[in-house]
1. Over segment 137-263, what portion of Cα pair distances is larger than 25 Å, expressed as a whole percent?
2. Explain nothing, just compute: Karplus ³J(HN,Hα) = 6.51 cos²θ - 1.76 cosθ + 1.60, θ = phi - 60°, for every residue of segment 222-238 in order, whole Hz, x for Gly and Pro.
3. For Asp534, put the label point 7 Å out on the Cα→Cβ axis and report which residues of segment 564-587 keep their amide N under 17 Å from it.
4. May I ask for the net charge around Ser495, where only other residues with Cβ less than 14 Å from the Cβ of Ser495 are counted and Lys, Arg are +1 while Asp, Glu are -1?
5. Using θ = phi - 60° and the Karplus curve 6.51 cos²θ - 1.76 cosθ + 1.60, what whole-Hz ³J(HN,Hα) does each residue of segment 497-505 get, with Gly and Pro shown as x?
6. Taking H as built 1.01 Å from N, whose amide H comes closer than 5 Å to the amide H of Cys219, not counting residues under 5 places away?
7. What number does segment 463-591 give for Rg over Rh if you use C-alpha atoms and the Kirkwood radius?
8. Long-range amide H contacts for Asn305: which residues qualify at under 5 Å (H placed 1.01 Å from N, peptide plane, sequence gap of 5 or more or a different chain)?
Amino acid sequence: MDMKNADVLAQEDLVMERRLAKKLKVKEGKLRGMDDEINLLLSGIPSVHESFDEVPLGKEFPIEKIDNGTLDKKQCTGIATNSEIAGDIMDGVSEPEENSGAELGGEEGLLNRLSESNVESVTGQMATIFRSVSRNISSQIISDEVLAACSGGPRGNEQYAAVFAAFVAGMACSVGMDFSAKLIASLAKCFEDEYLKEDNLSLRNLTLLLSYLCTFGVCSSDLIYDFLIMLSKRLTEIDVSTILTVLQCCGMKIRADDPTAMKNFIQSVQSRVNELKSSPGEDQAKMIGKRMEFMLETICDIKNNKKRPKDDSAQHTRIKKWLQKLRVQEILLRGLKWSRLLDPDKKGQWWLSGDTAITVDDVEEVANTIDKEVVEAQKMLQLAALQRMNTDARKAIFCILMSGEDYIDAFEKLLRLDLPGKQDREIIRVLVECCLQEKVFNKYYTVLASKLCGHDKNHKYTLQYCLWDHFKELEFMPLLRSMHLAKFAAEMVASFTLSLSVLKSVELSDAGWLTSKRIMHFRMLFEALFEYPDSVVWNAFTRVAIDPQLETLRNGIEFFIREYVVKTNNAIVKKFKIVKKALNNVEGVLM
């Protein structure tokens, strides 16, 4: 009965092939397509079908049945997050199972939640965790989890592989190209191990991951061609399936990258096909299998520049735009060879330089650190949501400000954010908002703001506009928030980050404008400024004395201090005398 069913299936497949050939307008084994003149280079290579005699299609490769039941889906243990905080959850891609592997903690891993919609946020969180632990160990942990997830992932799910490849590309852009090099080396080793096991499902998934790493610009087409030629020299049933997967996924891209290498690959395939053709009967029968025929048709399509639906360049547009912003072209791995990745002596593997041996204790220690980092990240994101940080940029800035070891650490991390366009303006706005939300005034924010303004004058302009916006809200501002704003502005003036000209947007001499809340705010501002030494006060007020256009501001400052500060605090009469002299210091002489 099995033989009878096999014959029926073979006949049905044959009918389907004929229908497809008619629909695709196949003539003499050649598919018609656009000619981009690369065919001139490929001229002289006969069609892969011309190297065969007419043979019946009754004998084909036995197509393995793969159980469509529940797949083994691995969990990225130790790299966990809360679903309500980390971003969108990828439905139907991978469900975590109970703590597989080492007991590294965590309920559900970040990598289990990867999808095209949240790959940016997940990559950012993983990059933050990566920088906080040992580089070598964290690279190994993440690489192992990525390969485990892909190797045991859903059957033939290209979207699944594409999202993981995008994650690897984003991580390489964020933490360095040695991360992607180590992962690809691990991928090569994993592929060879699965090849010996003849696990077709795992091999296909790993091949898809490698293909999309090339598509997204992590590795060059040189590695893919070397991989294909290695497969073509064996050309077993598994090799044919693997070649077919690569060509369907990124065949048109590698053809465009290097037509000469494509020509060499086609010649390698034809050479091996001729060897099989002249071999004894068993190999001859294998040569005419359906998978082989389909692979040859695919090669013919690529040679003739015939695009298939899967080659649509519009796929994964969002991911590609995101990677372009990260300058993915700068982390392209060139000159890699498949044999070099598998070299047991590790010759030429520059990414292993400085690596030390990793022990189980090291991995557990890093995993525990990751657990702590994740808990802190969850708290930060919850706090960011409470503070109405409603964009990815604002959330990232907030987490850096709150988690910085000191202002230098926060400053360096903020620079590494490399926010596109005008999003860098959010840095100062979030910083000021955090300062105003504190229960006790913290000079950490003022020192960091001064550092940022000294680094880039655009931050100085943003800070000035930000203070003006807050001055407009004084009438409705809570007292504690108003007090923090006054102290912050005084610190900015005393550190000479800003000038007192920042007060030109307010009417300090207008009794109608000066309500009780506004009077209290600016009185706190000047009293905070008067706490500094006389030289600082002199220099701060002298900065507005040398500009003739600020005469109205000078008169307003003198009036306000005399009427609303000195009369309520006689202790600063001496400071007021310094202020009056400094405001008349038109020569600009500093102390």
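1. Counting every Cα pair in segment 137-263, those more than 25 Å apart make up 18 percent.
2. Values per residue, Gly and Pro as x: 4, 5, 5, 5, 4, 5, 5, 5, 4, 5, 5, 6, 8, 6, 7, 4, 5 Hz.
3. Residues 571-585 fall inside that zone.
4. +3
5. The phi angles translate into 6, 10, 9, 5, 5, 4, 8, 5, 7 Hz.
6. Cys214, Leu333
7. So for segment 463-591, dividing Rg by the Kirkwood Rh gives 0.93.
8. none
We did not get these values from a lab; they are worked out from the coordinates using the rules stated. Note that this is a predicted model, so its numbers are computed, not measured. In this analysis, Cβ positions are derived from the backbone assuming ideal geometry, glycine residues included, and neighbour counts consider all displayed protein chains.
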